[in-house]
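Visitor: What follows is a single structure, and I will ask about it in a moment.
The values are calculated or read from the model by the stated rules, or taken from the named source; none is laboratory data. Since the structure is predicted, the reported quantities are computational estimates derived from the model, not experimental observations. Please note: Cβ atoms are built from the backbone with ideal geometry, for glycine as well, and neighbour counts cover all protein chains shown. Note: accessible area is taken over every heavy atom of the protein model, side chains too, but ligands, DNA and RNA are not part of it. Shrake-Rupley method; radii C 1.70, N 1.55, O 1.52, S 1.80 Å.
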Amino acid sequence: MNPADSSLIEMSVAGFLILSIFSFLYKDNPFYRLAEHIFAGLTAGYYVGLIYQTVIVQQLTIPIYREGKLELIFPALLGILMFTRFFDRFSYLSRISLAFVMGNTAGIFLIQQLHGLVLPQTQATIINPLAGSWLLGAVPGGMIIIAGVITTLIYFYFSKEHKGVLGKTARVGMVFIMISFGAHFGYTVMARLSLLIGQVKFVAFDWLPRLIGVN
Amino acid sequence: MHDLLSKRLPMMLAFFAGMVIIVAFFSGHPTLTNFRSNMQVWVSIIGGFTLLLGVVSITSVNYRRVRKLEKDWPYKLILLISLVVSGGFGIFQGTEAGTVYDWLFQNMSAPMMSSMFAMLAFFIASAAYRAFRARTVEATILLVVAMIVMLGRVPIGQVIYHRLPEITEWIMNYPNLAVQRGIIIGAALGAASMSIRIILGIERTYMGR
Amino acid sequence: MKKLLRFFTPLFLHPAMLCASAGGASWFRTDRINSLILLIIFAAAVLIYIRLAKTGRPLFIRKLSGLDAMDDAVGRATEMGKPVLFIPGIQEVSEIQTIAGLSILGRVASYTAEYEAGLLVTVQYPVVMAAAQEIVKDAYVNAGKRELYNDSMVQYVAGSQFALAAAVNGIMTRIRPAANIFMGAFYAESLLLAETGNLTGAIQISGTANPEQLPFFIAACDFTLMGEELYAASAYLSGEPKLLGSLKGQDLLKIIIIILILAAIVYLMIDWKALFILKILETS
Amino acid sequence: MNRYRIAEILTGIDRRIIYLSILLATIIPFLVGFPQPIYVSKESRDLYNWVENIRDGSTILLTFDYYPSTLAEVEPMSRAAIKHCWRKDMKLICMTTVPLGGPSITERVMNDMATNWAVEELGAKKIYGVDYINLGYKPDYKAVLMGMGTSFRDIYPTDFRSVPLDSFPITKNVDKYSDVNFLYIISDNGIVDEWVTIANRQFGIPLGAGVTAVMAPKFYSYLQSQQMVGLLGGMRGAAEYEKLIGSEGMATLFMGPQSLVHLMIIFFILLGNTAYFLGGRKV
């Protein structure tokens, strides 16, 4: 939202809905439920408008009429076939389109994972363990990376009981994993708080002052 | 016939589509990559219709509730009205900036969606107090690192101890990186094996069987 | 029709032309041969293990500590006379994590049937509800405790993510389950569920493959199955060949990768000019 | 009063008191101001330098891959990125892979920057179709990313306003990844993985990303493997970028409250654990 551009009415609509959502913090109440249902309705409506314009108009009507790409009628039919799942008797027909999409997705996915992740990530781990950052003393960064990757992989290795050397390695992996999850935790907290700050700023410093005429 | 349409044809299509991608990738010949590109247009169009499935089911569920005047029906009615208004303007007036559709989104949907997630900040605060306990060695390491990172990534951390940002950066770039990489490789293998099963028709859970 | 033919021609042409010009640069990208080799090795590993699992060959998978904890939790619930609460995530049944969660539910249900402890399952989608009822019923029938089962053990809590969390929190504070088990796809509500569960003093066991939620579960629950462990647990419990086989195939690849990394590093340390090793893995 | 009693009192604090203290912690720094020295991390600087070294007037693919739920975190990144690119007179091809809100957010941010910021800072409006374009959304992001490798026009026959791409100067000679110089991803979800593994790995286009803090830890792995040239993590990353381009905006302003609420959360974790240990490690 860019408050400078919005009228007071627009801001008030937004502000009222924001407060209605936040009222859930006190407890479940009619305002929250109202906002929740408006939201669900608008979301579904958003999809309707979006799909109509971007798919029906832009991907089907325009190419078919202007460029004569008649073959595009087939994906449209396959798309409509998806709706057979609402009719028990014919629902099996939706599998045809679904399988086509899933096959395509699986093909892309497979290449993505092996070519785009496994190979380059493995390659990037082959580094000189003695080079790299000596920051924080003692152990160079390269060694940390190699040890961390390998022990994590071992932790998620399920074909052997975690005993003996394997168990010790997995234990080290566990420590590494917890460090990383700690970082994740800190980052997630940071993210949620940022969003709150954004909303609070809008309500308390953009909308309310204008509503009561201070600004 | 039923067996052909419900089982064999879908499996053949999944195999065909998956193989097109794989073969085009390893070949790189323009004929194949163009064919692959055309196929993506098809998939994208089908994908559009799939998004509408959810809309159809939400409409029918709520319509039934309103018609039977079930508990809370006024809310469901409001839901349906919001849907029709937003969708109707989107179809007849368009979706670009300046339309009613856009107005509804910018001033109603967007602030509400932002608030849903902003609410989590309060929940995190309350959980921080009640649930995040150093009950095991693992949880202790996690919490200590989390606190270092939380301080290291805001300006005040730098004021408290000037090397905190560097320490945080080190944690992110070495131990964190290593673990994320291990997880990425493991998850990639899992996803790849799933993809192989789908292409070969071993995995058919997505078809609802 | 002509257009349609043009669309499909490459398919029919392709195998013949590939053979005709095998080795020609235009029909095969030699720079991607490393990916092809990886793909072949991996596909072979997965398929062979699935075949082995189908023939009934026992494939070993280590037992995960979270699973033992689940047995203890049910035992404790029996002693306390309080039920066990189970949530198979908040996703549809098409999500793999939900499927994994449901197969773990089968195990939990057979324990609660055996020990005659109470069981309560809350779900967000009708299809998941039907599946969960089926699974729980099966478990009770197999344990010879058909009379203890009823459909209301699985409750359908509709609505949005936060509405579900609010409803489940209500259930938790009212009936105070002895154990809460969260297995499946969880999102932002993980925090709310785990916090309330913690407050009611339940033993909490969780598992999800959504990495951003894992830290919250780890901090607030007694045991957590992290990422792949969730899938491993479901393969272990369901014993389905395709899951077991895939897991073993993935494990084999992990070992190959570890060995490759270590060997390459050692070789590079001996001879720093041997950078061709990195070239072999170069992707384009 | 024994320690169990203290623990009991501490655990009995109502959650609404906690909510209120968090609310105050977000408001107060806005009123009183807060120290904010910003330390610029290497990953942000790398991204900045990479963009800085691209030839002026190049074409950049800029994505708006985020939902309205994370606007506060990522919109400052989009704005900072646009400022940086337009100062170098770059052409921006904008798109989104997010159905719910993506195209509308793109419209709003781009139009606002083109008409308001560009006039103030650069002295002239940026023109739609010449300096920037909004391609909008198309379903099935995997298919979209893959298809765009061969032809943008196959996937996007028109822009978001249903006008054919050929009628715009900006897209006249641009039809695949290799026609653009850089891929600037601003995202709040896992789509970054797809950009990395499809656009970068299979089609060789260099890429940098601004992501929410929730996603950021994962992507450090792509930095070291050089699958990504730089990374902005969350509001903090946005603030760093604002500092680098010398234009302090929303993100920098928000660093004050961010500092104070972090302190609050840490305080609560410590207090909760004190109660836990005083109470004999029982809940």
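Visitor: So for C:E229, C:E282, A:E67, what's the accessible-area order with a 1.4 Å probe, most first?
Guide: A:E67, C:E282, C:E229
Visitor: Per the 1.4 Å probe, what fraction of the accessible area of chain D, in percent, lies on carbon and sulfur atoms?
Guide: 57
Visitor: Just to be sure I understand: of the beta bridges DSSP finds with both ends in chain D, what percent are antiparallel, rounded to 5?
Guide: Percentage antiparallel, nearest 5: 5.
Visitor: Can you work out ³J(HN,Hα) from phi for every residue in the stretch A:16-30, in order, using Karplus 6.51 cos²θ - 1.76 cosθ + 1.60 and θ = phi - 60°, giving whole Hz and x for Gly and Pro?
Guide: Values, residue by residue: 4, 5, 4, 5, 4, 5, 5, 4, 4, 4, 6, 5, 4, 8, x Hz.
Visitor: Hey, can you find the accessible area per residue of the protein assembly as shown for me, probe 1.4 Å, expressed in square angstrom?
Guide: On a per-residue basis, 37 Å².
Visitor: Considering every residue in B:57-64, what mean count of other chain Cβ atoms within 10 Å of its Cβ is obtained?
Guide: Mean partner-chain Cβ count within 10 Å for B:57-64: 2.
Visitor: Count the lysine pairs in chain C that are 8 or more places apart or on different chains: how many have C-alpha atoms under 30 angstrom apart?
Guide: Pairs that pass both the separation and distance tests number 19.
Visitor: What figure, in Å² to the nearest 10, do you get for the accessible area of A:K27 with a 1.4 Å probe and non-protein molecules left out?
Guide: My reading of the accessible area for A:K27 is about 120 Å².
Visitor: Moving on. Name the residue farthest towards the positive end of the dipole of the protein assembly as shown from the options A:T151, A:L211, C:L237, assuming +1 on Cβ of Lys and Arg, -1 on Cβ of Asp and Glu, about the Cα centre.
Guide: So the residue we want is C:L237.
Visitor: Placing +1 at every Lys and Arg Cβ and -1 at every Asp and Glu Cβ, with all other atoms neutral, what dipole size does the stretch A:1-68 have around its Cα centre, in debye to the nearest 20?
Guide: 140
Visitor: Can you compute the helix-only [θ] at 222 nm over chain D? Use -39500 (n - 2.57) per DSSP H run of at least 4 residues, normalise by all residues, nearest 500 deg cm²/dmol.
Guide: Mean residue ellipticity, 222 nm, calculated: -15000 deg cm²/dmol.
Visitor: Now for a separate question. Can you find, among D:L223, D:F267, D:I155, the residue sitting farthest towards the positive end of the charge dipole of chain D, where Lys and Arg contribute +1 and Asp and Glu -1 at Cβ?
Guide: Going by the charge dipole, the pick is D:F267.
Visitor: Around D:K218, what is the net charge, scoring Lys/Arg as +1 and Asp/Glu as -1 over all other residues with Cβ under 14 Å from its Cβ?
Guide: Net local charge, D:K218 excluded: -4.
Visitor: For chain B, what does the helix formula give at 222 nm: sum of -39500 (n - 2.57) over DSSP H segments with n ≥ 4, over the residue count, nearest 500 deg cm²/dmol?
Guide: -25000 deg cm²/dmol
Visitor: Right, another one. Pull out a ≥ b ≥ c, the square roots of the eigenvalues of the alpha-carbon gyration tensor of the stretch D:42-248, then state rounded if a/c is under 1.5, prolate if not and a/b is larger than b/c, and oblate in the remaining case.
Guide: Here the stretch D:42-248 falls in the rounded category.
Visitor: Report the B-D buried area as the accessible area lost on both sides summed, probe 1.4 Å, in Å² to the nearest 100.
Guide: In total, this chain pair buries about 5700 Å².
Visitor: Still on this structure: Chains A and D: how much accessible area gets covered up at their contact, both sides added, probe 1.4 Å, in Å² to the nearest hundred?
Guide: 4700
Visitor: Could I have the simple spin-label model distance between B:M12 and D:V130, label points 7 Å from Cα toward Cβ, reported in nm to one decimal?
Guide: Result for the modelled spin labels: 5.5 nm.
Visitor: Given a 10 angstrom Cα cut-off, can you work out which residue in D:T158, D:T26, D:T63 is the most mobile in a GNM of chain D?
Guide: D:T26
Visitor: Determine the shape class of the protein assembly as shown: with a ≥ b ≥ c the square roots of the Cα gyration tensor eigenvalues, call it rounded for a/c under 1.5, and otherwise prolate if a/b is greater than b/c, oblate otherwise.
Guide: rounded
Visitor: Could you go through the stretch A:159-173 in sequence order and give the Karplus-derived ³J(HN,Hα) for each residue, using 6.51 cos²θ - 1.76 cosθ + 1.60 with θ = phi - 60°, rounded to whole Hz, and x for Gly and Pro?
Guide: Once θ is set to phi - 60°, the couplings for the stretch A:159-173 become 7, 9, 5, 7, 10, x, 4, 4, x, 5, 4, 4, 5, 4, x Hz.
Visitor: Then there is this: For the stretch A:130-215, which whole percent of the accessible surface, found with a 1.4 angstrom probe, sits on carbon and sulfur atoms?
Guide: Taking all protein chains in place, the stretch A:130-215 shows 70 percent carbon and sulfur surface.
Visitor: Describe numerically, in nm with one decimal, the distance between label points set 7 Å from Cα along Cα→Cβ at C:Q161 and at B:L5.
Guide: 3.9
Visitor: Which sequence of C:L275, C:L192 reflects their accessible areas, 1.4 Å probe, from the largest down?
Guide: Ranking C:L275, C:L192 by accessible area, largest first, yields C:L275, C:L192.
Visitor: Normalised by the number of residues in chain C, what is the relative contact order in percent for Cα pairs under 8 Å and 6+ residues apart?
Guide: This gives 23 percent for chain C.
Visitor: In a shell of Cβ-Cβ distance under 15 Å around C:A178, excluding C:A178 itself, what net charge do Lys and Arg (+1) and Asp and Glu (-1) give?
Guide: Counting the neighbours of C:A178, the net charge comes to -1.
Visitor: Against the longest principal axis of chain D, how steep is helix D:234-244, in degrees 0 to 90 to the nearest 10, with axes from Cα atoms?
Guide: Roughly 60 degrees, rounded to the nearest 10.
Visitor: Compute the distance in nm between two label points, each set 7 Å from the Cα along the Cα-to-Cβ direction, one at B:L53 and one at D:R16.
Guide: 4.4
Visitor: Over chain C, with a Gaussian network built from C-alpha contacts below 10 Å, which listed residue (C:A166, C:A139, C:A202) shows the highest mean-square fluctuation?
Guide: Highest fluctuation of the listed residues: C:A166.
Visitor: Let me ask something additional. Averaged over its residues, how many other protein chain Cβ atoms are within 10 Å of peptide D:130-142's Cβ atoms?
Guide: Other-chain Cβ atoms within 10 Å of each residue's Cβ, averaged: 6.
Visitor: Also: Classify the stretch A:130-215: rounded, prolate or oblate, from the alpha-carbon gyration tensor (a ≥ b ≥ c, eigenvalue square roots; a/c under 1.5 rounded; otherwise prolate if a/b is larger than b/c)?
Guide: Prolate, since a/c reaches 1.5 and a/b exceeds b/c.
Visitor: Let me ask something else about it. Return the long-range amide H neighbours of C:F86 (sequence gap of 5 or more, or a different chain), with a cut-off of under 5 Å between placed amide H atoms.
Guide: Amide H neighbours of C:F86: C:L120, C:V121, C:T122, C:I181.
Visitor: Still on this structure, please answer the following. Rounded to the nearest 0.05, what FRET efficiency is calculated for A:L211 and D:N53 with R0 set to 51 Å and r the Cβ-Cβ distance?
Guide: Approximately 0.60, to the nearest 0.05.
Visitor: Picking from B:P111, B:Y129, B:L69, whose Cα lies most toward the positive end of the charge dipole for the stretch B:59-174 (charges on Cβ: Lys, Arg +1; Asp, Glu -1)?
Guide: With unit charges placed on the Cβ atoms, the residue in question is B:L69.
Visitor: Say R0 is 60 Å: what FRET efficiency, to the nearest 0.05, do C:R57 and D:S178 get from their beta-carbon distance?
Guide: It comes to 0.75.
Visitor: Rounded to the nearest 0.05, what FRET efficiency do C:A263 and C:R146 have when you use their Cβ-Cβ distance and R0 = 56 Å?
Guide: Calculated transfer efficiency: 0.45.
Visitor: Counting each DSSP H run of 4 or more residues in chain C as -39500 (n - 2.57), what helix-only mean residue ellipticity at 222 nm follows after dividing by all residues, to the nearest 500 deg cm²/dmol?
Guide: Computed ellipticity for chain C at 222 nm equals -20000 deg cm²/dmol.
Visitor: Let me ask something additional. At 1.4 Å probe size, with no ligands or nucleic acids counted, give the accessible surface of D:W50 in Å², nearest ten.
Guide: Taking all protein chains as shown, D:W50 has close to 110 Å².
Visitor: Let me ask something additional. Between C and B, buried accessible area summed over both sides at probe 1.4 Å, in Å² to the nearest 100?
Guide: Heavy-atom accessible area buried at this interface is about 4000 Å².
Visitor: Evaluate peptide C:216-225: per residue, the Cβ atoms of other protein chains within 10 Å of its Cβ; return the mean as an integer.
Guide: Mean shielding count: 6.
Visitor: So what are the ³J(HN,Hα) numbers for the stretch B:56-71, from phi and the Karplus equation (6.51, -1.76, 1.60; θ = phi - 60°), rounded to whole Hz, Gly and Pro as x?
Guide: Along the stretch B:56-71, the couplings run 4, 6, 5, 5, 5, 4, 6, 4, 4, 5, 5, 5, 7, 6, 5, 3 Hz.
Visitor: Continuing with the same structure: When the accessible area of the stretch C:151-284 is computed with all protein chains present and a 1.4 Å probe, what percentage of it is carbon and sulfur?
Guide: Carbon-and-sulfur percentage of accessible area, whole number: 66.
Visitor: For C:A166, what charge total do you get from the other residues with a beta carbon under 13 Å from its beta carbon, if Lys and Arg give +1 and Asp and Glu give -1?
Guide: -1
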